[in-house]
Amino acid sequence: MKKIISRVFLAVFTALTLGFCALIVKAGVLISQGAGTDNRFFVAMVTDGGGVNDQSFQESAWRGMQSFSKNTGAKVRYVECQQSSDFPINIDKLADENTDLTWGIGYKLAAHIELASKINPERNYAIADFSFGENTPENVTGVLFRAEESSFLAGYIAALTTKKGKVGFIGGLKGLVIDQFEYGYRAGVAYASKKLGRDITVKVQYAESFTDSAKGKAIAMKMFDECDVVFHAAGGAGVGIIEAAKEKDMYAIGVDMDQSSLAPKNVLTSAIKDVGKAIEIISLKLMNRETIGGKTFSYGIKEGCVGIPENNPNLDKDIQSSVKKLEEKISSGEILPPGTSEAYDKFISVLSSMKI
Amino acid sequence: MTRKIAKLLKTPFFCTAMAIFFGSMVACGILLLTGYSASESLAVMFNAVFSRPKFILNVILKSTPVILTGLSVAFAFKSGLFNIGAEGQYIVSTIASTITGILFDFHPIIQIPLVILSGMLAGGVLGGLVGILKSKFGIHEVLTSIMFNWIALYLCNFVVNIERFHKQDSDGTYSINPSGFTLLLNDWKFSEEGRNFLKDNPILSDIILKTDFNLNFLIAVLIAFIVWVIIYKTKKGYEFRVSGLNPDAAQKAGINVQKNTIYTLFISGLLSGVAGAFSITGTSIHNIQTLSMFENYGFNGLSVALIAGSSPLGCIISGLVFSALIYAGQSLQFKIGAPSEIVNIMIGIIVFFVALVRIVPTLVNRFLEREESLDVK
Amino acid sequence: MEISKDYAVQMRGITKIFGNFKALDNVDLDVKKGETHAILGENGAGKSTLMNILYGLYEADAGEIYLNGERMEIKNPSCAIHSGIGMVHQHFMLIDKFTVMQNIILGNETTDKFGIINTRKAKKRVLEIMSRYGMKVDLKRRIRSISVGMQQKVEILKALYRGAEILILDEPTAVLTPYEVDELLEIIENLKKDGKTVIIITHKLKEIKKSSKECTIIRKGNFVDCVNVEKESEQSLAEKMVGRKVKLSVEKRPASPGDIVFEIKNLNVTCERGLESVKNLSMTLRRGEIYGLAGIEGNGQKELLEAIIGVRHVDSGKILMNGKEIQNKSTRYILDSKISVIHEDRHKDGCVLSMSVADNAILSKYRERKFCINGFLNYEERDKFTDQLIKNYDVRPIGCKNTKIRNLSGGNQQKLIIGREIANNPDLLIAVQPTRGLDVGAIEYVHKILINLRDQGKAVLLISLELDEILDLSDRIAVIYDGSIVGEFNQEKANENNVGLLMAGGKFNDAQNS
């Protein structure tokens, strides 16, 4: 019996080993053949730590890429990074794939995109949410969003909706980009409270993370004790904030994409930052051989890259129509929502003399 | 004849090679089961390492930290200690190197040693602390090391967010001052002259321009050699080995085992510290970033040391193999979309087989025995 | 001899090969039913191997086993137990943290239909066995809290509980006090009366004479003879075992003690459990004498030694070496004040098994100038020194300096260790059970070395559980009991009775009279 078992085992083992050797030979053939070439226009994106299904910024970017591919027939792909040590690896691997344009989605990738542009001067790079300002390399394009504009609308809506007179803001990590959201939102609230003639305070807290949804939820649960509307600019961590709104049956305002699908009854509206649309615009420019390198583009309500969704079932009809008017005012430049702390202070001082 | 083959079968090198062979075999099985083409995967992995000079060099460059953390683990292991804290020591070293690299800006001749020494020292202190806790209070080193790993992780996140160091609109600190870089030809390769020269030399361009071209690997090899000398040629090394293999006998031979525990873990920490410091000085973009999870340089050192059977010189080979596997694994994910976890599984299986093939010499002996006993009959 | 039902065990032509080494070559064994049969041989002669084959731990490469005249294939221990064979190993296979009862029923638990252990039923049986063979063991105590002698009884009980008819005892007296040995012999007698067959593995001649009727002698894996014990003298048995003439008694000149070398004054030491292990102990050693410390295991010898070599903290009292206080100094300092130690457990304390012979040879002297230059080891000197040791102390195999010490036999390991320690040229050599597990030839050799050392004017502190050894070797004999020295004799006044009485806790005055 023992002998039979050991013989069967030996036979299976030999068969497996031989099969594996065959695989190796086959692999050797594949290696010697080399890969075929694909001459299509090739655009790729690298995520900044979140997955491409983050229901926020990255997802919006990928949708833009897909629609770009559909409209032009270009080849597109994304690469997900788990953590920051993956950034250089993935950017480097994309360079080996002969991309025509590589997008870094999120400012975290800035330093790596800059380095890659130096190493691969023949390739084009673009980065969303970041500007190298004066020092933009010739083969890099920066894209900024006037997120303060949509955040202003969000603040305005929050202030008009709140019953407690207190609204909240939860950011990911403090920084220039999230400042746009915070101060735009604060300004929107201030603007609305002047209109209502009622004091509405804004509570601000940071989750110190763009991915930790549990932490986002914990912060939001606490915040909903005081506030009844909370706006978040915390990427993946924001998913937890919306969950908290659902549990507490309060309102959350989504960010980057229309996030109402996450909690249809509890997402008041979303401050859309349509990175996908910007990607489409910029990629198309490059495809049409326009010079985009060395520049920074800024997109806002006017270009249709930020705003609020068409349909907001939870939003009061009257508020919705007044928002429409506000949008126009911003688009025309009549109101300039602030995106930094200084601009906000200035805005507040001007606000008192402003006619609404 | 049989004896010769048997002798060959018993060599550690052959055993390890066999472990890698079977590890890949099982990994291919998993790939097939999950619906990926195994032969294509193998081809991709092979190409990812060998098809371009850049890839080969990258494997070498990326092996540097794991060789060093591997040495750190192996060194402690030779003295009977399990340095699972290499990860934390690596992290505090990157923190210390970054801070000194940002705060000071001397001439490279001073700056580079300063940055590296500060990193080493930070790692060493953390290791030494574990040693003190073990020898003075009897707290097991594994326990404290694991805790220190987490402390180091959060310390890193804390330092990143200090205003003096945090770079606006990023998740990291500023890069250290360029005087602390241990990159070779770094200024030249981005200069007009360098670019023009490299344009005509695709291979050189591949090697110098497209990678973080540096000599840290050679220093790691040198350090491996030094560690070997310490362990096998010096009085202290002898004490370490005796303490590791039989602490009772060591104590009774007048060796201060407790003091040696502190020394060992300190040196072990220094080694992980070199790994961390080199990652800052020799890898773009020369800073630390917020960590959500361990980057595993230290933990990979455990695997490297295990595959090497704790031999210091073996760590060089196993570090290279390890780095090649990781690098190939990233390509696997990139090219055919197979999860990079496959490679982690593969590495796990290889380590498992390495442990398993230690029985090969025993099996061979048994085979020989049987043959001889047949002769006797 | 014919295969017959009268024999409990018959083994024919047993051969066992390990690697290149023939452990047993065509060995026969015949054990009569209801008798005590001894198997005599030096260490490494193959006694244990033979019994392990009978117990199913090893499989013989050739040969047959018959139980009660029937051919049996014993593939594993459970098969042996099933056939009514029980074995008590030299190193007990008990679980320290379990109680005696739990250990006895381990692996053979009587359970009810829910799988819960039925202790009452088991206990009844154990008690019955105990009363039948005159054994007294407290079933509720935990193994670690009972003496070695008790533990042995537990092992025997365990075997009997499993229904053993044939009981194999591997070196049963190695760890027992004289009194316990007598107890054991009585138990064996009772077993025999009850019709059980007992096989004793030993190399101690006295016990064979006392316990067994027949004796099989094995030498270097070969069957030598099967003799009737009564017809043989100890001397002739020893000669058959070793294969040459041996001196059983130690020959030495009278001691000529010189200056005081080593002194302990009112020493107090606590053990890790916080109990006082050494109480107010004093002793004085002079040059040129062997001072024997007799005592049953666990009476503070271990703690005393540890305190002397600086591994354990001394609470109060003084230890003086050549007039210098060395208590609570570092081990290195103490060893450097010309004390060398031959430890009892050479595998644990005396050498590093996975290191080479050469590396072990310098274990206690690697930091000497000669072996270490500027922090680097001098391998050349090490090898030279090792070669010398191997030559001077007849360590075999010759040229073993690069093999791992693990692969040497116990005797050769011990020779190397003793050689190494003596090469330190100590003023005081502490030898703890220096002949434990050695064969007659090696014991003779070690004894000679110790006496030589004495004659060179060194002091030797001999700590041993083997009373014979102490009585034969020592010039003065002290008895340690419960952490104190309860009596001291000159060699001519000491004998098994008075020392044995003190070891068991008797009064000094009584002992002097007996």
Q: Can you tell me the order of C:296-305, C:123-132 when each peptide is scored by its average per-residue count of other Cβ atoms within 10 angstrom, highest first?
A: C:296-305, C:123-132
Q) Which aspartates and glutamates have a Cα less than 20 Å from the Cα of A:K93, not counting those fewer than 8 places away in the same chain? A) A:D38, A:D48, A:E80, A:E114, A:E122, B:E40, B:D206, B:D212, B:E295, B:E341
Q.
Tell me which of C:V460, C:P426, C:L176 sits at the most positive position along the dipole axis of chain C, charges placed on C-beta atoms (Lys, Arg +1; Asp, Glu -1).
A. C:P426
Q: Quick one: what are the phi-derived ³J(HN,Hα) couplings along the range C:75-83, Karplus 6.51/-1.76/1.60 with θ = phi - 60°, whole Hz, x for glycine and proline?
A: 8, 8, x, 5, 5, 5, 4, 4, 7
Q.
For C:N26, what residues show an amide H to amide H distance below 5 Å, using hydrogens built from the backbone and excluding near sequence neighbours?
A. C:I14, C:T15, C:K16
**Q.** Kirkwood hydrodynamic radius of the range B:64-337, Cα pairs, Å
**A.** 19.3
Q: Measure nothing fancy, just the Cα-based angle from helix C:379-392's long axis to the longest principal axis of chain C, in degrees from 0 to 90, nearest 10.
A: 60
Q | Per-residue [θ]222 nm for the protein assembly as shown (sum of -39500 (n - 2.57) over DSSP H runs n ≥ 4, rounded to 500) | A | -16000 deg cm²/dmol
Q: Give me the net charge of C:N402's neighbourhood, meaning all other residues with Cβ under 15 Å from the Cβ of C:N402; Lys, Arg count +1, Asp, Glu -1.
A: +2
Q) Counting only other chains, what is the mean number of Cβ atoms within 10 angstrom of the Cβ of each residue in peptide C:363-374? A) 3
Q: Let me know the shape class of the range C:7-242, please: from the alpha-carbon gyration tensor, a ≥ b ≥ c as square roots of the eigenvalues, rounded when a/c is under 1.5, otherwise prolate if a/b is greater than b/c, or oblate.
A: prolate
**Q.** FRET efficiency for C:N26 and C:I260, using Cβ-Cβ distance with R0 set to 60 Å, rounded to 0.05
**A.** 0.55
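Counting DSSP beta bridges with both partners in the protein assembly as shown, what percentage is antiparallel, nearest 5? Please list the in-between numbers first.
Numbers: 54 of 133 bridges.
Counting only bridges with both partners in the protein assembly as shown, antiparallel ones make up about 40 percent.
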Q.
Using amide H atoms built in the peptide plane, which far-off residues or other-chain residues are under 5 Å from C:I200 H to H?
A. C:H37, C:A38, C:I39, C:L169
Q. Under a plain spin-label model, where a point goes 7 Å from the Cα along Cα-to-Cβ, how far apart in nm are C:N490 and A:L18?
A. 8.8
Q) When Rg is the radius of gyration of the Cα atoms in the range B:21-99 and Rh is its Kirkwood radius, what does Rg/Rh come to? A) 1.13
Q: Return the lysines within reach of C:K123: Cα separation strictly under 20 angstrom, same-chain partners fewer than 8 residues apart disregarded; answer none if there are no such residues.
A: C:K97, C:K113, C:K136, C:K140, C:K153, C:K158
**Q.** Sequence of B:T281, B:T34 once ranked by neighbouring C-beta atoms within 10 Å, starting from the fewest
**A.** B:T34, B:T281
**Q.** Kirkwood Rh, Cα atoms: Rg over Rh of chain A
**A.** 1.12
(Q) What number results when the radius of gyration of chain C, computed over Cα atoms, is divided by 2.2 N^0.38 Å? (A) 1.03
Q) Can you give the charge dipole size of chain A about its Cα centre, rounded to the nearest 20 debye, using +1 on the beta carbon of Lys and Arg and -1 on the beta carbon of Asp and Glu? A) 840
**Q.** Shielding of B:236-243 by partner chains, average beta-carbon count, 10 Å
**A.** 4
Q: Quickly work out the A:K329-to-A:L196 label distance, labels modelled 7 Å from Cα along the C-beta direction, and quote it in nm with one decimal.
A: 1.6
Q. Fully extended, how many nm does the chain gain between C:S236 and C:E128 (0.36 nm per residue separation, minus their Cα-Cα distance)?
A. 34.7 nm
Q. Taking the radius of gyration and the Kirkwood hydrodynamic radius from Cα positions alone, what is the Rg/Rh ratio for the range C:1-111, to two decimal places?
A. 1.01
Q: Positive end of the charge dipole of chain A (Lys, Arg +1 and Asp, Glu -1 on Cβ, about the Cα centre): tell me which of A:N135, A:L326, A:V275 has its Cα farthest that way.
A: A:V275
Q. At q = 0.05, 0.08 Å⁻¹, what base-10 log of I(q)/I(0) does the Debye formula yield for the protein assembly as shown when every alpha carbon is treated as an equal point scatterer in vacuo?
A. -0.55, -1.02
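If you take every DSSP beta bridge fully contained in the range C:7-242, what fraction is antiparallel? Give it as a percent rounded to 5.
55
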Q: Sort A:D179, C:D336, C:D427 so that the residue with the fewest other Cβ atoms within 10 Å of its own Cβ comes first and the one with the most comes last.
A: C:D336, C:D427, A:D179
Q. Of all the C-alpha pairs in the range C:147-199, what % are more than 12 Å from each other?
A. 65
Q) Where does the range C:235-288 land on Rg(C-alpha)/(2.2 N^0.38 Å)? A) 2.03
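If you rank C:S354, A:S261, A:S193, A:S69 by fewest surrounding Cβ atoms within 10 Å, what's the result?
Working: C:S354 13, A:S261 10, A:S193 22, A:S69 18.
Lowest count first: A:S261, C:S354, A:S69, A:S193.
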Q: With a point put 7 Å past each Cα toward its Cβ, work out how far C:R244 is from A:S85 in nm, to one decimal.
A: 6.6
Q | For the range B:1-94: relative contact order, % (alpha-carbon pairs under 8 angstrom, 6 or more apart) | A | 10
Q: State whether the range A:154-304 is rounded, prolate or oblate according to the following rule on the C-alpha gyration tensor (a ≥ b ≥ c being the square roots of its eigenvalues): a/c under 1.5 gives rounded; otherwise a/b larger than b/c gives prolate, and the remaining case gives oblate.
A: prolate
Q: Helix by helix through chain B, keep the DSSP H runs that span 20 Å or more along the axis on Cα and average at least 1.6 on Kyte-Doolittle, and give those back in order.
A: B:12-33, B:216-233, B:341-357
Q: Given a cut-off of 24 Å, name the pairs among A:K3/C:K404; C:K210/C:K240; A:K26/A:K75 whose C-alpha atoms lie farther apart than that in the structure shown.
A: A:K3/C:K404; A:K26/A:K75
Q: Output the relative contact order of chain C, whole-number percent, from Cα pairs under 8 angstrom with separation of 6+ residues.
A: 14
Q | Per-residue HN-Hα couplings for the range A:66-83 [Karplus 6.51, -1.76, 1.60; θ = phi - 60°; Hz; x = Gly/Pro] | A | 4, 5, 4, 4, 5, 6, 10, x, 6, 8, 10, 7, 10, 10, 8, 10, 7, 8
**Q.** the range A:274-356: relative contact order as a whole-number percent, Cα under 8 Å and 6+ apart
**A.** 20
Q | Projected-area mean, the range A:235-333, by convex hull of Cα positions, square nanometres | A | 7.9
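Treat every Asp and Glu Cβ in the range B:64-337 as -1 and every Lys and Arg Cβ as +1, leave all other atoms uncharged, and give the resulting dipole magnitude about the Cα centre to the nearest 20 debye. Provide the component values of the computation, followed by the final result.
Working: 16 positive and 15 negative charges, 196 e Å.
About 940 debye.
Every number here is computed from the coordinates shown, using simple stated rules; none is lab data. Quick caveat: nothing in here was measured; it's all calculated off a predicted structure. Don't worry about glycine lacking a Cβ; one is built from the backbone with ideal geometry, like all the others, and counts go over all protein chains shown.
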